[in-house]
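The values are calculated or read from the model by the stated rules, or taken from the named source; none is laboratory data. As the structure is a prediction and not an experimental result, all values here were calculated from the model. Note: ideal-geometry Cβ built from the backbone for every residue, glycine included; neighbour counts use all protein chains shown.
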Amino acid sequence: MGAGKSTAARQASNEAVDADKVFEERHGPISDFFAAHGEAAFREREEQLVVELLNAGGVVALGGGAVETPGIRRALADHLVVWLDADAETCWRRVEHSTTRPLARDRDGFVERFERRRPLYEQVAHAILPAATTVRPALSTLRALPREARMIWATTSGGEYPVVVGPGVRDMPAPASGRPITVTDEHVREHWAPDAEIVIRAGESSKTLASAERVWSELVRLGVTRGDHLRGVGGGVVTDLTGFCAATYQRGLGVVQVPTTLVGQVDAAIGGKTGVDLPGAKNYVGAYHQPRAVLADVLTLDTLPATEVAAGWAEVIKTGLIAGGSLWEAVVSGTAVREDIVFACARTKVDVVAADDRDDGRRQVLNLGHTVAHALEVVSGYRLAHGPAVALGLLVALRLSGQDALRAQVKEMLDARGLPTSYSDFDTDAVLDATRRDKKRIGAHVPFVLVSGPGDVRHGQKVDDGSVRVAVEELRV
Ligand SMILES: NC(=O)c1ccc[n+]([C@@H]2O[C@H](COP(=O)([O-])OP(=O)(O)OC[C@H]3O[C@@H](n4cnc5c(N)ncnc54)[C@H](O)[C@@H]3O)[C@@H](O)[C@H]2O)c1
């Protein structure tokens, strides 16, 4: 109620119908019907009407409470369902003076109903759009969305784009112009990108300016212009490098990211941070460059080596800690369907980035565990991979947060996923030095992300050197 469904439906189609309006044409004002017959009778009639409208085809704007009826939820399974995600306060402000909405009479009741319905919207939605945006730019992706796929519409100050998760979505049309030029690495080419134009060596050692120069040169050789776009098909190394080359080649062209690792699908490919490493400093050169689309094809994960799946779980556990709620529960249970986990993590990342795409505030929570992780990576000369480093970094962050029980729980979860929970091949002073060089430092102060509980994470926290030393040293145990 108040999310803007009728307006969005009209944007989607001139012939869109509004279920509440049709109801009123047939039965008179909804508020009168409620007063005379009650909500149960209304829901019964509403169900008949919605099923009829859905069967007739086209675009239908549903009433806000329609999802509460199990029969409607069943009927929706055969249709593309778009959820305009709004917060309760915004919607309440839009409807509080309405005289025609019987369920929008008092604020508390409205908010309670809103929160009760939220998981049902979540359950039926194939596509999630922020209620504040116009639906038009999303239409081409919505029309092309494969049946088993789900989409989140990401909005940032640097552009808006679809993040699609599902089997087979790597080949779906993306909203990007001109010739696609695929960049991949040697492993991914073999499985998922045999026709790629540009192939880099696999691994972090390729995330360098030298590789970027090679890609730029290849683009020149191929006659690529700003009207064309790049496709980064691979893990975070490929998508970070491809995004960086897209941001800089001829001062910027479009990029479609097709992440093929769990790390890429839940994190790296989303949010527009692109870049390369310098020998002593990870991710030190880069640009914010939002992609035109992110196509996370979960089938590509089938060929991922076990160590890389484990690396992805470090980021999944991190994202679960940030999001809390149902995602944390799913991560803890360990039984959730892979696609659901990827989708929920991608959604968390989209939400965090939407609030702060240039990393000035809230986005820094995504760095949970990463301050020490990056330091460990640098000190190991990048022999320690990112995923295992994040696992260790999370344990340090949880100790610094004073979350001993949660640390023990996370340690067990990391163990179960085959990630390291102890490590001794480092010099503590070197790690502390590298931590102090963290990009996020402001003057002498390196801000940490600390956890008060799942879903309750604070960035920009001050921690004294002595505590960091103890928490890092503890990794040797
Ligand atoms: N930009 C961001 O916001 C962001 C966020 C998190 C991580 N990152 C970056 O991502 C990088 C790590 O990414 P990653 O963990 O995906 O590593 P990666 O790109 O090196 O991929 C890991 C390995 O898996 C192989 N591989 C990829 N997909 C495969 C598939 N489907 N089947 C078989 N093999 C496959 C690769 O060839 C590589 O050997 C780091 O550089 C990190 O800094 C960036």
- line: Filtering the range 147-170 down to residues that are modelled with pLDDT under 95 and within 16 Å of the ligand (Cβ to nearest atom) yields Thr156, Gly158, Gly159
- prompt: Restricting the search to the range 367-396, which residues are within 14 Å of Ser422 (Cα to Cα), part of a helix (DSSP H, G or I) and not β-branched (Val, Ile, Thr)?
  reply: Ala373, Leu376, Gly387, Pro388, Ala389, Ala391, Leu392, Gly393, Leu394, Leu395
statement: Note on the range 309-325: residues near the ligand (Cβ under 7 Å from one of its atoms) and either among the aliphatic types (A, V, I, L, M) or assigned by TED's automatic domain parsing to the domain that holds Ala373 (or both) are Ala311
- prompt: Can you name the condition, by its number, that Asp356 falls short on among (1) within 18 Å of Gly324 (Cβ to Cβ); (2) without any contact (Cβ under 8 Å) to a residue 12 or more places away in the chain; (3) within 14 Å of the ligand (Cβ to nearest atom)?
  reply: (1)
task: Scan the range 158-172 residue by residue and report those that are touching a strand residue (DSSP E or B) at 6+ places or on another chain (Cβ under 9 Å) and over 14 Å from Leu129 (Cβ atoms).
output: Gly158, Val165, Gly166, Pro167, Gly168, Val169, Arg170, Asp171, Met172
task: Looking only at the range 185-195, decide whether some residue is surrounded by fewer than 22 Cβ atoms within 10 Å (Cβ to Cβ) and more than 12 Å from the ligand (Cβ to nearest atom).
output: yes
Residue that is farthest from the ligand (Cβ to nearest atom), among those in the range 270-308 that are of a type in the set (Gly, Ala, Ser) and assigned to a loop (DSSP other than H, G, I, E, B): Gly280
- request: For Ala311, indicate whether it is crowded, with 24+ Cβ neighbours inside 10 Å and over 13 Å from the mean Cα position of the chain (by Cα).
  value: yes
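Is it true that some residue in the range 201-217 is hydroxyl-bearing (Ser, Thr, Tyr) and without any contact (Cβ under 8 Å) to a residue 60 or more places away in the chain?
Looking through the range 201-217, at least one residue is hydroxyl-bearing (Ser, Thr, Tyr) and without any contact (Cβ under 8 Å) to a residue 60 or more places away in the chain.
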query: In the set Ala66, Ala88, which member is under 28 Å from Val164 (Cβ atoms), modelled with pLDDT under 95 and touching a helix residue (DSSP H, G or I) at 6+ places or on another chain (Cβ under 6 Å)?
result: Ala88
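Answer yes if at least one residue in the range 397-416 is more than 14 Å from the ligand (Cβ to nearest atom), of a type in the set (Ser, Thr, Tyr) and either farther than 20 Å from Asp277 by Cα or surrounded by fewer than 15 Cβ atoms within 10 Å (Cβ to Cβ) (or both), and no otherwise.
yes
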task: Please find, among Gly57, Gly2, the residue that is of a type outside the set (Lys, Arg) and farther than 22 Å from Arg94 by Cβ.
output: Gly57
task: Answer with yes or no whether Ala246 is over 19 Å from the mean Cα position of the chain (by Cα), crowded, with 24+ Cβ neighbours inside 10 Å and in contact (Cβ under 8 Å) with a residue 12 or more places away in the chain.
output: yes
- request: Determine which single condition Ala144 fails, assuming it passes every other condition in (1) more than 13 Å from the ligand (Cβ to nearest atom); (2) surrounded by 14 or more Cβ atoms within 10 Å (Cβ to Cβ); (3) in contact (Cβ under 8 Å) with a residue 40 or more places away in the chain.
  value: (3)
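Could you pull out the residue among Leu139, Leu120, Leu145 that is in the same structural domain as Trp83 (by TED's automatic domain parsing) and among the hydrophobic types (A, V, I, L, M, F, W, C)?
Residue meeting the stated conditions: Leu120.
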statement: Taking the range 205-241 and keeping residues among the polar types (S, T, N, Q), in contact with a helix residue (DSSP H, G or I) (Cβ under 8 Å, 6 or more places away or on another chain) and within 11 Å of the ligand (Cβ to nearest atom) leaves Ser206, Thr239
task: Determine which member of the set Val352, Val378, Val337, Val410 is modelled with pLDDT of 95 or more and β-branched (Val, Ile, Thr).
output: Val410
task: State yes or no: is Arg26 under 29 Å from Pro137 (Cβ atoms) and part of a helix (DSSP H, G or I)?
output: no
